[in-house]
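This report refers to the structure that appears directly beneath it.
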Amino acid sequence: MFADLLQYTFSGLTSGAIYALIALGFCVVNNTMKIVNFVQVDFVTLGGMLMFSCLFGAGLPMIPGILLAVAGVALVAMIVERFGLRPARSNHHLVLIFLTVGLSIILRGIIKLIWGTNRMALPPLTPDVPITFMGASLLPQALWVMVLTIGAISLLTWFFYRTSLGLSMRAVASNPTAAAVVGIPAGRIRLTSYAIAGALGGLAGVLVTPITTLNYDVGVLLGLKGFAAAILGGFGSFPGAIVGGLCLGLLESLSAGYLSSAYKDVVAFVVLLLVLFVRPKGLFGE
């Protein structure tokens, strides 16, 4: 029984780390633009697709492939913000949210045209020899997911608290009016927030696709679960996004293990509804 519980916990933490990365992407854009960026779901897909092209199209080794794929998604995210959102005549938040929905559909269509509709697979970062711990098996890819997620969160924390651009982004998130008065460039902040969101989504796609299969819409369900994790933790809260992602991953894994795998994908949306009914601000929301 304990070995089963440990197995479900490992699985839940792996999924939760992916959801946390996606949720952080939602939070970064929300804190600077006060909108829900639904293009985030396609950044996940694009990360996996670019990684596939780097490995099998360009023949790059694993590490350069990861860096190039993540950087490529960040670049696409900046293009989306600069040419998709910034020219909008309206600054109304609801209009911009619907615009992100339209941009998401366009980007998904472009991905479908370039890579097609066939399912593909990515190799794990290292040989897939299971590691046994107290009766439970842990794949090296799951370890990579957790290690690189911790690394990304640490780098993000350093960026926001130790760099001038990161401090400027925090200032905009805290008080946009005061930030504008002291001359912080809003356009640069929005562009950077989208680049970070794209990089986080791309990294999530690179890490999760060796565990799942790769398809042009694979990021939709993962992205919606990341959105649910952000809501659970408190939309806009970075600690909340991490805790919400891990909690959601554990809830999914435990429900699939002890109830039925048929409920695995339902749990995220049940949790989302319960949070909206009981505590709309989430666990760490203010």
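Among the residues of region 167-192 satisfying the criterion of being open to solvent by less than 50 Å² (accessible area, probe 1.4 Å) and polar (S, T, N, Q), which is nearest to L155 (Cα to Cα)? Checked region 167-192; the qualifying residue nearest to L155 (Cα to Cα) is T192. Look through region 137-155, keep the residues that are within 14 Å of I242 (Cβ to Cβ) and out of contact with any helix residue (DSSP H, G or I) (no Cβ under 7 Å at 6 or more places or on another chain), and return whichever of them is least open to solvent (accessible area, probe 1.4 Å). Among them, the one singled out is G151. A single member of G65, G72, G48 is open to solvent by less than 30 Å² (accessible area, probe 1.4 Å) and in contact with a strand residue (DSSP E or B) (Cβ under 9 Å, 6 or more places away or on another chain), and it is G48. Of everything listed in (1) in a helix (DSSP H, G or I); (2) in contact with a Leu (Cβ under 9 Å, 6 or more places away or on another chain); (3) over 20 Å from F26 (Cβ atoms), the single unmet condition for Y194 is (3). Comparison of V44, V36, V29 shows that the only residue that is part of a helix (DSSP H, G or I) and out of contact with any Leu (no Cβ under 7 Å at 6 or more places or on another chain) is V29. Against the list (1) of a type in the set (K, R); (2) closer than 22 Å to I35 by Cβ; (3) open to solvent by 40 Å² or more (accessible area, probe 1.4 Å), the condition K225 fails is (3). Those residues that are open to solvent by 70 Å² or more (accessible area, probe 1.4 Å) and modelled with pLDDT of 80 or more, I need them from region 247-265; list them, please. Of everything in region 247-265, just one residue is open to solvent by 70 Å² or more (accessible area, probe 1.4 Å) and modelled with pLDDT of 80 or more, namely L251. In region 267-286, the qualifying residues are those that are in contact (Cβ under 8 Å) with a residue 40 or more places away in the chain and not in a helix (DSSP H, G or I), and the one that is most open to solvent (accessible area, probe 1.4 Å) is E286.
Of the set (1) open to solvent by 20 Å² or more (accessible area, probe 1.4 Å); (2) within 18 Å of L222 (Cα to Cα); (3) of a type in the set (S, T, N, Q), all apply to T100 but (1). Within region 82-93, does at least one residue satisfy the condition of being more than 19 Å from S193 (Cβ to Cβ), assigned to a loop (DSSP other than H, G, I, E, B), of a type outside the set (D, E, K, R) and open to solvent by 80 Å² or more (accessible area, probe 1.4 Å)? Among the residues of region 82-93, not one is more than 19 Å from S193 (Cβ to Cβ), assigned to a loop (DSSP other than H, G, I, E, B), of a type outside the set (D, E, K, R) and open to solvent by 80 Å² or more (accessible area, probe 1.4 Å), which makes the answer no.
Residues in region 124-174 that are in a helix (DSSP H, G or I) and among the small types (G, A, S): A142, G151, A152, S154, S164, G166, S168, A171, A173, S174.
Within region 103-121, how many residues turn out to be open to solvent by 70 Å² or more (accessible area, probe 1.4 Å) and not in a helix (DSSP H, G or I)? Total meeting the criteria: 3.
Among the residues making up region 7-40, those that are open to solvent by 10 Å² or more (accessible area, probe 1.4 Å) and hydrophobic (A, V, I, L, M, F, W, C) are F10, L13, M33, V36, F38.
The values are calculated or read from the model by the stated rules, or taken from the named source; none is laboratory data. Values in this document were obtained by computation on a predicted structure and should not be read as measured data. So basically every Cβ, Gly included, is an ideal-geometry build from the backbone, and we count neighbours across all protein chains shown. Surface areas here come from the heavy atoms of the whole protein model, side chains and all, with no ligands, DNA or RNA. Shrake-Rupley method; radii C 1.70, N 1.55, O 1.52, S 1.80 Å.
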